[in-house]
Structure formats: structure tokens, C-alpha cells
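Q: I'd like to ask you about the structure that follows.
The values are calculated or read from the model by the stated rules, or taken from the named source; none is laboratory data. Remember, predicted model here, so these are calculated numbers, not experimental data. Cβ placement follows ideal geometry from the backbone for every residue including glycine, while neighbour counts extend to all protein chains displayed. Just so you know, the surface numbers come from the protein's heavy atoms only, side chains and all, with ligands and any DNA or RNA stripped out. Shrake-Rupley method; radii C 1.70, N 1.55, O 1.52, S 1.80 Å.
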Amino acid sequence: MSFDVLQEKIKAKKNPTVAGLDARVEYIPPFILKKHTDRLGETLEAAADAVLEFDCGLIDALAEVVPAVKPQSAYFEMLGWRGMKVLEEVIAYAKSKDLFVIADVKRGDIGTTATAYSEAWLGAAQVGGTSCSVFDADCVTLNGYMGSDAIKPFLKDCTERDKCAFVLAKTSNPSSVELQDIVAGDRLVYTVMGDLIQRWGKDTQGKCGFQALGAVVGATHPSVLKELRRRLDRVFFLVPGYGAQGGTAADVRFAFDELGRGAIVNASRSIMCAWQKTGRDGADYQDAARAAAEKMRDEIKQYVTIL
């Protein structure tokens, strides 16, 4: 399974972190944006080209430090078809640098629509007698709150194509308590979802012991991380909320098993926007991003040993 690939990349770099690529235009260093607006005006085309340059520059800076990147589709969708073209190019570029790509798409539809989403992000589109890969991400994020109908098409592509997926369980946003912390029988809703994720992914374990369906569990809930890590021993965790949202290395240590496996921690703005704190107007954005990623790695290393 693809989580075996991710775990091997984590082990090779001794770094269980993923850099989010959430490129709002205002996150781009002014000199990059100006280069493209001078050529194309203040247009979506200029913004898309600037995002491409920025994201590829970040990938170049981070490729030796992090095992994975996580482009968030919303920030590309903001720029229309041009943004989606850039997203396809960013994914391909990241994979050319041997990075694991988690497409943060949070899809959650059912039936033929879910199948189409899965074919787009993990599988392939059939054009006559030819099977054409589309975005070809290694992994996606999913919303399972419509039940197994929203997950099964993705699980099929995961098992057939050596891919994987993270399903939302306990998210890092403050209002998650409005639904995810409601009592359902003798469990909380996020626990019900965690149990479903483990059940849906039954019999898809790879050599590392983790199944094809992982869970999203926020860094801002360390007690939940600890609880779910004990409960979901075959489930790989994606842990958002580190850095800008308040999650710390001390918090995320609970996501890992005794061998330092089974989780990857995400940071986006604290890495992408690190240049905004150096006073050099973005000229050093690559060095700043790399330094922030190394700092995050080293902070987590104080609590987690990867064996």
C-alpha cells in the first residue's frame, strides 16, 4: 500500500512532516508576483503563473528536507482553469523530485460522482481505449460523513493502484466540536468515524501494518490523538494544525506509535510564509521555508524517534 511508500520516505529523511502548498496570492513574494503582473497585468493568468513559480521554488527548497507535500486544491480552484492546470503541474513537479503528494481535496460525494472524483485524483479517465492519468496524486483527503458510499470508490483505486487516502475524523478547527464531539450511543462522533475508517480499510494493510485508509486528526487535540492512536492501531494519521494553528511538537507526539511510525504532521503557512518574518521582502523565501521546515523537524525529533 502507498502508506508503506510514505513511511519509507519518512524513515529515509527522519522527518515525519508534510509541507502544505496553500498558495494564496498574498503569500507570494512581491518580486515573483510583480514579474508576472508586469507581463500579463493583474489577471488570473498572472496569478497562476506566479503560484507555479512560487510552489516549484518551495519544492526545490524543501525536497531534501520533507518527504511529502500537500497542495490544497481550493487555492488553485480560486484561479479557475488556469489554477487547476498549475495544480496538475505542481503535482507532477513534486513527484519528479521524489516527494509523496497528498492532494488535499476533501471530497465527500457518493455514487458515480465519487467514482469520477476518484478517477480524477487517484485513478485514470478512460478516453476510448486509452486509460489517461489525470492528477495522479499518491493520496487524497476525504470527508466520510456521508458514509461508506463516499469512500468505496476511492478505496477501490487505492487497492488497485497502490494509493491511499486520509478520511476526516477529528479536525483541528474550533467548531469541530459542534458535530464531532457529540455523544452517539456510548461513543463520541469522532470515535465512531475513527472506528468506521478502520473497518472500511480492513484487509488492506501493507508491510508496515497500516491500511489504505488513514485518518485526519488535528494537532490541536492532543488528548484525542492519544486516545485514537491507542484505538486505531492500523490507521495512519495526517495531523494538521501545527504551527500557525497552535499545535506543538509536544502535542503531536501522541500521534505516533512506539516505533515513531504511523503519522505525518502538516504545516502550511509557517513554512510557506516564513519569508514574511525575515525582513528581506521575500528574496530569501526558499531559505526561509527550508529553515522553517528544518526547525519543525528538529522540534518533533525531541519527542519522536523514528525507528
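Q: I'm trying to understand the selection: among the residues of segment 176-201, which are at pLDDT below 95 and either touching an Asp or Glu at 6+ places or on another chain (Cβ under 6 Å) or polar (S, T, N, Q) (or both)?
A: Of everything in segment 176-201, those that are at pLDDT below 95 and either touching an Asp or Glu at 6+ places or on another chain (Cβ under 6 Å) or polar (S, T, N, Q) (or both) turn out to be SER176, GLN180.
Q: Contact list please: Cβ distance under 8 Å, first residue in segment 41-52 and free of Cβ contacts under 8 Å to residues at least 40 places away in the same chain, second residue assigned to a loop (DSSP other than H, G, I, E, B) and surrounded by 15 or more Cβ atoms within 10 Å (Cβ to Cβ), pairs at least six apart or on different chains.
A: Listed by first residue and then by second, the contacts come to LEU44/LEU79; ALA47/LEU79; ALA48/LEU79; ALA50/ILE28; VAL51/ALA23; VAL51/ILE28; VAL51/LEU79.
Q: Continuing with this model, one more query. Quickly run through segment 158-186 and pick out the residues that are buried (at least 23 other Cβ atoms within 10 Å of the Cβ) and in a helix (DSSP H, G or I).
A: CYS158
Q: Tally the residues that are out of contact with any Leu (no Cβ under 6 Å at 6 or more places or on another chain) and either in a strand (DSSP E or B) or open to solvent by 40 Å² or more (accessible area, probe 1.4 Å) (or both), restricting the search to segment 77-88. Walk me through it before giving the result.
A: Initially, segment 77-88 is screened for residues out of contact with any Leu (no Cβ under 6 Å at 6 or more places or on another chain), giving 77-78, 81, 83-85, 87-88.
Okay, now just the ones that are also either in a strand (DSSP E or B) or open to solvent by 40 Å² or more (accessible area, probe 1.4 Å) (or both), so 77-78, 81, 84-85, 88.
Residues meeting the conditions: 6.
Q: Name the pairs: first residue in segment 255-274 and under 30 Å from PRO29 (Cα atoms) and open to solvent by 30 Å² or more (accessible area, probe 1.4 Å), second residue assigned to a helix (DSSP H, G or I) and modelled with pLDDT of 95 or more, Cβ to Cβ under 6 Å, at least 6 apart or on different chains?
A: SER270/ALA292
Q: Something else: Looking at the structure I just gave you, is ALA120 buried (at least 16 other Cβ atoms within 10 Å of the Cβ), of a type outside the set (Asp, Glu) and in a loop (DSSP other than H, G, I, E, B)?
A: no
Q: Pick from segment 42-76 the residues that are under 11 Å from LEU21 (Cα atoms) and outside any helix (DSSP H, G or I): which of them is nearest to the chain's Cα centre (by Cα)?
A: Checking each candidate, the answer is LYS70.
Q: Failed condition for GLN245, given (1) at pLDDT 95 or above; (2) closer than 23 Å to ALA68 by Cα; (3) open to solvent by 40 Å² or more (accessible area, probe 1.4 Å), with all others met?
A: Looking at each condition in turn, GLN245 falls short on (1).
Q: Condition first: more than 16 Å from PHE166 (Cα to Cα) and in a strand (DSSP E or B). Now tell me which residues in segment 20-41 satisfy that.
A: Within segment 20-41, just LEU21 meets the criteria.
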